[in-house]
Amino acid sequence: MKVLIVYCHPCRESFTAQVKKAFIKGLTDAGKSYEISDLYEMKFDPVFTESEYKREAFYEKGLPVPSDVAEEQKKINNSDAIVFIYPVFWTECPALLTGWFQRVWTYGFAYGDDPAMKQLEKALFLVTMGGSVKDNVRVEQISAMKTVMIGDRIHNRAKSAEMIVFDEMTRGYGNDENRNERIKQFAKQAYQIGINLGEKANDK
(Lines give C-alpha, C1' and ligand atoms only; values in the text may rest on other atoms or scores of the structure.)
Protein backbone atom coordinates (compact mmCIF):
# COMPACT_ATOMS: atom_id res chain seq x y z
CA MET A 1 0.00 0.00 0.00
CA LYS A 2 1.19 3.50 -0.84
CA VAL A 3 -0.02 6.36 1.33
CA LEU A 4 -0.13 10.07 0.60
CA ILE A 5 0.20 12.11 3.80
CA VAL A 6 -1.06 15.68 3.60
CA TYR A 7 0.44 17.35 6.66
CA CYS A 8 -0.40 20.87 7.79
CA HIS A 9 1.10 22.46 10.91
CA PRO A 10 3.28 25.58 11.22
CA CYS A 11 5.38 24.34 14.19
CA ARG A 12 7.91 21.52 13.98
CA GLU A 13 7.88 21.08 17.78
CA SER A 14 4.13 20.50 17.99
CA PHE A 15 2.34 17.40 19.20
CA THR A 16 0.85 17.16 15.70
CA ALA A 17 4.40 16.74 14.38
CA GLN A 18 4.85 13.86 16.84
CA VAL A 19 1.67 12.23 15.55
CA LYS A 20 3.05 12.46 12.02
CA LYS A 21 6.39 10.97 13.07
CA ALA A 22 4.78 8.07 14.96
CA PHE A 23 2.33 7.35 12.16
CA ILE A 24 5.12 7.28 9.55
CA LYS A 25 7.17 4.92 11.73
CA GLY A 26 4.16 2.59 11.89
CA LEU A 27 3.81 2.68 8.12
CA THR A 28 7.48 1.95 7.47
CA ASP A 29 7.68 -0.79 10.13
CA ALA A 30 4.73 -2.46 8.38
CA GLY A 31 6.49 -2.25 5.02
CA LYS A 32 4.18 0.37 3.52
CA SER A 33 5.44 3.20 1.36
CA TYR A 34 4.44 6.83 1.65
CA GLU A 35 4.80 10.26 0.10
CA ILE A 36 4.26 13.45 2.04
CA SER A 37 2.95 16.87 1.14
CA ASP A 38 4.09 19.06 4.04
CA LEU A 39 2.14 22.15 3.08
CA TYR A 40 4.09 24.61 5.23
CA GLU A 41 7.49 23.17 4.33
CA MET A 42 6.74 23.17 0.60
CA LYS A 43 5.20 26.66 0.86
CA PHE A 44 2.08 25.51 -0.92
CA ASP A 45 0.11 28.52 -2.17
CA PRO A 46 -3.47 28.30 -0.83
CA VAL A 47 -4.73 31.31 -2.78
CA PHE A 48 -7.47 30.53 -5.30
CA THR A 49 -6.66 32.84 -8.22
CA GLU A 50 -8.99 34.60 -10.62
CA SER A 51 -8.02 32.27 -13.48
CA GLU A 52 -8.66 29.23 -11.27
CA TYR A 53 -12.06 30.63 -10.37
CA LYS A 54 -12.86 31.24 -14.03
CA ARG A 55 -11.94 27.66 -14.84
CA GLU A 56 -13.95 26.15 -11.98
CA ALA A 57 -16.98 28.39 -12.56
CA PHE A 58 -17.02 27.53 -16.30
CA TYR A 59 -16.29 31.03 -17.57
CA GLU A 60 -13.22 29.69 -19.38
CA LYS A 61 -13.20 25.90 -19.23
CA GLY A 62 -10.04 25.62 -21.33
CA LEU A 63 -7.77 27.24 -18.76
CA PRO A 64 -5.02 24.85 -17.59
CA VAL A 65 -4.65 23.49 -14.08
CA PRO A 66 -1.64 25.16 -12.38
CA SER A 67 1.49 23.01 -12.21
CA ASP A 68 1.59 22.86 -8.40
CA VAL A 69 -2.01 21.63 -8.37
CA ALA A 70 -1.30 19.07 -11.09
CA GLU A 71 1.59 17.74 -8.98
CA GLU A 72 -0.68 17.20 -5.97
CA GLN A 73 -3.25 15.46 -8.16
CA LYS A 74 -0.53 13.18 -9.51
CA LYS A 75 0.47 12.24 -5.95
CA ILE A 76 -3.14 11.33 -5.17
CA ASN A 77 -3.53 9.09 -8.20
CA ASN A 78 -0.22 7.39 -7.40
CA SER A 79 -1.51 6.45 -3.93
CA ASP A 80 -3.89 3.90 -2.45
CA ALA A 81 -4.83 5.93 0.62
CA ILE A 82 -4.69 9.54 1.73
CA VAL A 83 -4.09 10.65 5.31
CA PHE A 84 -4.56 14.21 6.54
CA ILE A 85 -2.73 15.21 9.74
CA TYR A 86 -3.47 18.65 11.18
CA PRO A 87 -4.65 20.60 14.26
CA VAL A 88 -8.10 22.06 14.82
CA PHE A 89 -8.10 25.85 14.48
CA TRP A 90 -11.50 27.35 15.33
CA THR A 91 -13.45 24.18 14.44
CA GLU A 92 -11.64 23.89 11.12
CA CYS A 93 -8.37 22.74 9.64
CA PRO A 94 -5.66 25.38 9.11
CA ALA A 95 -6.42 27.84 6.30
CA LEU A 96 -3.53 26.41 4.29
CA LEU A 97 -5.23 23.01 4.11
CA THR A 98 -8.58 24.59 3.24
CA GLY A 99 -6.80 26.29 0.34
CA TRP A 100 -5.28 22.97 -0.69
CA PHE A 101 -8.75 21.46 -1.08
CA GLN A 102 -10.02 24.58 -2.85
CA ARG A 103 -7.26 24.39 -5.44
CA VAL A 104 -6.62 20.64 -5.79
CA TRP A 105 -10.24 19.45 -5.94
CA THR A 106 -10.67 20.75 -9.51
CA TYR A 107 -13.37 20.17 -12.08
CA GLY A 108 -12.43 17.17 -14.19
CA PHE A 109 -10.30 15.75 -11.38
CA ALA A 110 -12.29 15.56 -8.14
CA TYR A 111 -15.73 16.20 -9.63
CA GLY A 112 -17.55 16.49 -12.93
CA ASP A 113 -19.04 14.05 -15.41
CA ASP A 114 -15.94 11.85 -15.63
CA PRO A 115 -13.45 12.83 -12.90
CA ALA A 116 -9.86 11.65 -13.32
CA MET A 117 -9.28 11.16 -9.59
CA LYS A 118 -9.11 7.49 -8.66
CA GLN A 119 -11.31 6.17 -5.89
CA LEU A 120 -8.93 5.64 -2.99
CA GLU A 121 -9.13 2.68 -0.66
CA LYS A 122 -9.04 4.86 2.45
CA ALA A 123 -9.18 8.48 3.57
CA LEU A 124 -8.08 9.08 7.13
CA PHE A 125 -8.01 12.26 9.22
CA LEU A 126 -5.69 12.36 12.24
CA VAL A 127 -6.68 15.53 14.04
CA THR A 128 -5.30 17.15 17.18
CA MET A 129 -7.54 19.24 19.43
CA GLY A 130 -6.96 21.34 22.52
CA GLY A 131 -10.42 20.72 24.02
CA SER A 132 -11.95 17.54 25.38
CA VAL A 133 -14.33 15.22 23.55
CA LYS A 134 -16.08 14.88 26.92
CA ASP A 135 -17.56 18.34 26.35
CA ASN A 136 -20.79 18.52 24.36
CA VAL A 137 -19.56 21.51 22.38
CA ARG A 138 -16.55 19.48 21.17
CA VAL A 139 -18.81 16.59 20.18
CA GLU A 140 -20.85 19.02 18.09
CA GLN A 141 -17.71 20.51 16.56
CA ILE A 142 -16.34 17.09 15.60
CA SER A 143 -19.68 16.20 14.01
CA ALA A 144 -19.50 19.42 11.96
CA MET A 145 -15.89 18.69 10.95
CA LYS A 146 -16.85 15.19 9.81
CA THR A 147 -19.69 16.62 7.73
CA VAL A 148 -17.27 18.95 5.95
CA MET A 149 -14.27 16.64 5.60
CA ILE A 150 -15.82 13.21 5.17
CA GLY A 151 -19.28 14.06 3.92
CA ASP A 152 -18.31 16.75 1.43
CA ARG A 153 -14.57 16.80 0.66
CA ILE A 154 -14.13 13.02 0.60
CA HIS A 155 -17.70 11.89 -0.17
CA ASN A 156 -17.30 8.94 -2.59
CA ARG A 157 -13.67 9.72 -3.42
CA ALA A 158 -12.57 6.93 -1.07
CA LYS A 159 -14.15 3.58 -0.29
CA SER A 160 -13.96 4.31 3.43
CA ALA A 161 -13.21 7.39 5.51
CA GLU A 162 -12.54 7.99 9.18
CA MET A 163 -11.62 10.84 11.51
CA ILE A 164 -9.64 10.17 14.68
CA VAL A 165 -9.34 13.04 17.17
CA PHE A 166 -6.49 13.32 19.69
CA ASP A 167 -8.01 15.61 22.30
CA GLU A 168 -7.08 17.45 25.53
CA MET A 169 -3.82 18.62 24.02
CA THR A 170 -3.96 22.26 25.14
CA ARG A 171 -1.03 23.77 27.00
CA GLY A 172 -1.74 25.50 30.30
CA TYR A 173 -5.18 25.61 31.93
CA GLY A 174 -3.87 23.04 34.46
CA ASN A 175 -3.57 20.46 31.69
CA ASP A 176 0.21 20.07 31.37
CA GLU A 177 0.57 16.80 33.30
CA ASN A 178 -2.44 15.28 31.56
CA ARG A 179 -1.10 16.50 28.22
CA ASN A 180 2.25 14.79 28.74
CA GLU A 181 0.56 11.48 29.51
CA ARG A 182 -1.73 11.79 26.52
CA ILE A 183 1.24 12.53 24.24
CA LYS A 184 2.67 9.10 25.12
CA GLN A 185 -0.70 7.40 24.70
CA PHE A 186 -1.55 9.07 21.41
CA ALA A 187 1.91 8.57 19.91
CA LYS A 188 1.52 4.83 20.49
CA GLN A 189 -1.96 4.98 18.97
CA ALA A 190 -0.71 6.85 15.88
CA TYR A 191 2.07 4.29 15.45
CA GLN A 192 -0.46 1.43 15.62
CA ILE A 193 -2.72 3.18 13.12
CA GLY A 194 0.21 3.28 10.70
CA ILE A 195 0.88 -0.42 11.29
CA ASN A 196 -2.76 -1.37 10.73
CA LEU A 197 -3.63 0.93 7.83
CA GLY A 198 -5.08 -1.16 5.01
CA GLU A 199 -5.45 -4.29 7.11
CA LYS A 200 -9.06 -5.40 6.69
CA ALA A 201 -9.43 -6.81 10.19
CA ASN A 202 -8.29 -3.60 11.89
CA ASP A 203 -8.93 -0.84 9.38
CA LYS A 204 -12.56 0.10 9.97
> Quick one: what Rg and Dmax do you get for the chain from the alpha carbons, in Å?
Replying inline: 17.4, 56
>> With a 1.4 Å probe and all protein chains left in place, how much of the accessible area of segment 65-163 comes from carbon and sulfur atoms, in whole percent?
In response: 50 percent
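With respect to the cross-link table entries 20/74; 20/134; 74/184; 32/54, which display a Cα-Cα separation exceeding 29 Å?
On the way: 20/74 22 Å; 20/134 24 Å; 74/184 35 Å; 32/54 39 Å.
In this structure, 74/184; 32/54 exceed 29 Å between Cα atoms.
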> How much area per residue is accessible in the chain when the probe is 1.4 Å and only protein heavy atoms are counted (Å²)?
Replying inline: 53 Å²
>> Angle check, please: helix 15-29 long axis (alpha carbons) against the longest principal axis of the chain (alpha carbons), in degrees 0 to 90, nearest 10.
In response: 80 degrees
>> With angles folded into 0 to 90 degrees, how steeply does helix 95-104 sit against the dominant principal axis of the chain? Use alpha carbons for both and round to 10.
In response: 30 degrees
> Which cross-chain or sequence-distant (5 or more) residues have an amide H under 5 Å from the amide H of residue 37, H modelled 1.01 Å from N in plane?
Replying inline: 5, 6, 7
>> At a threshold of 8 angstrom on Cα-Cα distance, excluding pairs fewer than six apart, so keeping six or more, what relative contact order does the chain reach in percent?
In response: 28 percent
>> Please list, by residue number, every one of the trypsin sites (Lys or Arg not before Pro) in segment 60-115 that is coil in DSSP and has at most 16 other beta-carbon atoms within 10 Å.
In response: 61
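The values are calculated or read from the model by the stated rules, or taken from the named source; none is laboratory data. Please read these numbers as outputs of a predicted model, since none were measured by experiment. We place every Cβ from the backbone using ideal geometry, glycine too, and count neighbours over all the protein chains shown. Please note that ligands, DNA and RNA were not included when accessible areas were found on the heavy atoms of the full protein model with its side chains. Shrake-Rupley method; radii C 1.70, N 1.55, O 1.52, S 1.80 Å.
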